[in-house]
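Student: I am attaching a structure below and will ask some questions about it afterwards.
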Amino acid sequence: MREDQSNRTTSANRASTRTAADSTDRIEIVVINSRQTSFDVNLTVTSEQEQVFRQTAHVGANGGKEVLSPDINEQGIYELTVTLSDEDKHTRRFSIGEEQLRNGFGIEIGEEIRLLVEE
């Protein structure tokens, strides 16, 4: 893994980027790239119009994966905005309750945005 490509991540908050094996936080955003070229993805999470997480991650080609922790530790309704370019922007609402905080919750971004609840 070359540091100049796989670890090129910037953050507006105290969020962390880890591999799936290093995962210890309960709330995670996983970005998976099935394309033949790498890309940068901008992720923003808001709650009640307030930004709680913003990060840009570089995802390698052919199955590249980045696992990010938005450090969400409160119940509420959140909105995730995923931007690959000015023309390619997707938004998905999700809610975090006591069960998700206790059991875990994941958002997988690939060809589509999927919400995953750990049991």
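Student: Name the one entry in Gln51, Gln100 that is touching a residue at least 24 places away in the same chain (Cβ under 8 Å) and either basic (Lys, Arg) or touching a Lys or Arg at 6+ places or on another chain (Cβ under 9 Å) (or both).
Tutor: Among Gln51, Gln100, only Gln100 is touching a residue at least 24 places away in the same chain (Cβ under 8 Å) and either basic (Lys, Arg) or touching a Lys or Arg at 6+ places or on another chain (Cβ under 9 Å) (or both).
Student: Let me ask you something else. For a quick check of your reading: which strands (runs of 3 or more DSSP E) sit entirely within the stretch 80-119 and have at least 2 residues that are modelled with pLDDT of 75 or more and polar (S, T, N, Q)?
Tutor: 88-96
The values are calculated or read from the model by the stated rules, or taken from the named source; none is laboratory data. Everything numeric in this text was worked out from a predicted model, so none of it was measured. A quick note on method: Cβ atoms are made from the backbone with ideal geometry, for glycine too, and the neighbour counts reach across all protein chains shown.
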